[in-house]
Each structure stands twice: as C-alpha cells, then as structure tokens.
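Participant: Right, I'll just put the structure down here and ask away after.
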C-alpha cells in the first residue's frame, strides 16, 4: 500500500505566478524526495505604487511516504 503526504507552501517570484509555483517545487525538492504532484491553490501578489513587485503562489505538494521496515 502506498501513502502520500501533502504539505502547503508559498513560492515567490518577481516574474510571474508560474515561476512562483516552480520556485516552491524547486525549494521543496531540496529536502523532500518522491514529489509526484503539485496543486496550485492560490495566487497573490505584493503591490507597491500600483505595480506588482512580487508574485506569490500557494501550492500543495504531494510526495510518497517511504515505508522502512524494521
């Protein structure tokens, strides 16, 4: 039986929401193995003087839980 865990994180980028989501996945993959899915659940932005400074993507990342027999 396989089991997955899902975490929610926020990525950011000065370029756009797609890059912000990619940034979140790349950062998560530095410490999490077996990532097999991402779900973008929200998009926001930081605004200053009427212009977008930073795009933010809230994502849920799914990864397999390793089964280590003892």
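The values are calculated or read from the model by the stated rules, or taken from the named source; none is laboratory data. What you see is a predicted model; the values in this text were computed from it and never measured. Cβ sites come from the backbone with ideal geometry, for glycine too, and all protein chains shown count toward neighbours.
Participant: Considering (1) assigned to a loop (DSSP other than H, G, I, E, B); (2) loosely packed, with under 12 Cβ neighbours inside 10 Å; (3) touching a residue at least 24 places away in the same chain (Cβ under 8 Å), say which one residue 32 fails and leave the rest.
Facilitator: (2)
Participant: From (1) at pLDDT below 95; (2) part of a strand (DSSP E or B), pick out the condition that doesn't hold for residue 8.
Facilitator: Unmet for residue 8, out of (1) at pLDDT below 95; (2) part of a strand (DSSP E or B): (1).
Participant: Of all residues in segment 36-54 being under 30 Å from residue 67 (Cα atoms) and touching a helix residue (DSSP H, G or I) at 6+ places or on another chain (Cβ under 6 Å), which is surrounded by the fewest Cβ atoms within 10 Å (Cβ to Cβ)?
Facilitator: Among residues in segment 36-54 that are under 30 Å from residue 67 (Cα atoms) and touching a helix residue (DSSP H, G or I) at 6+ places or on another chain (Cβ under 6 Å), the one surrounded by the fewest Cβ atoms within 10 Å (Cβ to Cβ) is 40.
Participant: Only one residue in 37, 42 is assigned to a strand (DSSP E or B), touching a strand residue (DSSP E or B) at 6+ places or on another chain (Cβ under 8 Å) and under 10 Å from residue 10 (Cα atoms), so which one is that? Spell out the reasoning first.
Facilitator: On the way: 37 fails: under 10 Å from residue 10 (Cα atoms).
Checking each option against the conditions leaves just 42.
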